[in-house]
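Structure first, then comments.
FYI, it's all coordinate maths here, none of it is from the lab. The structure displayed is predicted, hence computed values, not measured ones. Here Cβ is always computed from backbone atoms with ideal geometry, including for glycine, and neighbour counts include all displayed protein chains.
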């Protein structure tokens, strides 16, 4: 029999992951535990070291890992679910885990107090019985219960979580698909609306990238206005990509981590409403990376245009990397920053946080 490969470790364990690793003796993981959205790889590695064959489901692509919108696993014996920032997304993840774990199998939920884990035990009780707190330390908490044999309203497919909305885009009402945990859900958020109201000038057949596309609002708006444009959309959320493929038919829509996943070598325009939070903590790494790397993916004279909160002083980061940089629109909450690439992409540096 082949020995299962050791799980790849991508980085150090955060506090909640360290706590759940410490609590493994209190949980009957079984031979094939499922690990849900734990990004460091440390939990899977520790389960493997204890003799298990862990399976991993990542909704979000990152650091070389692929993602899937729903678990594609074989007879898991238990599930370890990392708490995310969105409660409806947590409910979906718990239902997904309960749909593949056998009755009586352990379902473990772990997260940080700042993420709201103390009250998240109620969500676990919907799919698990005999829920207990098995560890609390490092401002984190671990809950564990046994998968219920009968779960009222259990949703066993991604399709059962599909949400239909209506939004107004380019002055026209249209149906819109979303799923739990996708940014802005079924609404046009104010920042994106400001970005779309101040699009840079570009040729009708331009190559345009919607970076961190979510469910595809920017890409959809551009395709409606410029039918000849070649519009690509990229996001690291596999569930958001499912929605975007419905909302932007015919577009090139890819699940991947950052500009490296974009299919074209160079673009005329890169547009983005980038994420600036990692869980509940603010993190400008994605924004700074996008600003620094975009010149290498823009044609000469190409444009990077981004919407961010008005309080973020990001203009110096653009000035370090672009031929021209400016704030082209601003209101009380948001600003639109634009960088124009020179004939040759300048070496750029990331600004201090």
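Once every DSSP H run of n ≥ 4 in the chain is given -39500 (n - 2.57) and the sum is divided by its residues, what mean residue ellipticity at 222 nm do you get, rounded to the nearest 500 deg cm²/dmol?
-6500 deg cm²/dmol
Once the Cα atoms of helix 238-247 and of the chain are each reduced to a long axis, what angle between those two axes, in degrees from 0 to 90 to the nearest 10, is obtained?
50 degrees
What spacing in nm lies between the two simple spin-label points modelled at residue 228 and residue 118, each 7 Å away from Cα in the Cβ direction?
Calculated label separation equals 6.1 nm.
Can you tell me the relative contact order of the stretch 297-343? Whole percent, Cα pairs under 8 Å, sequence separation 6 or more.
50 percent
Rounded to the nearest 0.05, what FRET efficiency do residue 126 and residue 205 give with R0 = 51 Å and r taken as the Cβ-Cβ distance? Could you check?
For R0 = 51 Å, the calculated efficiency reads 0.50.
Restricting to the chain, what percent of DSSP beta bridges are antiparallel, rounded to 5?
Bridges in the chain are about 55 percent antiparallel.
Counting pairwise Cα distances across the stretch 1-75, what percent come out greater than 14 angstrom?
60 percent
Evaluate the Debye formula for the stretch 162-340 with equal point scatterers sitting on the alpha carbons, no solvent, and hand back log10 of I(q)/I(0) at q = 0.09, 0.17, 0.20 Å⁻¹, in q order, two decimals.
The Cα Debye sum returns log10 ratios of -0.27, -1.07, -1.54.
For residue 172 paired with residue 150, estimate the spin-label separation in nm (one decimal), with each label point 7 Å from Cα along the Cα-to-Cβ line.
5.0 nm
If you fit an axis through the alpha-carbon atoms of helix 87-100 and take the longest principal axis of the Cα set of the chain, what angle between them do you get, 0 to 90°, nearest 10?
That helix lies at roughly 50 degrees to the long axis.
Taking only C-alpha pairs under 8 Å that are 6+ residues apart, what is the relative contact order of the chain in percent?
Here the relative contact order equals 12 percent.
Using a simple spin-label model with points 7 Å from Cα along the Cα→Cβ vector, what separation in nm is obtained for residue 276 and residue 22?
Inter-label distance under the simple model: 3.4 nm.
Once the mean 1/r over all distinct Cα pairs of the stretch 15-158 is inverted, what Kirkwood radius in angstroms do you read off?
14.7 Å
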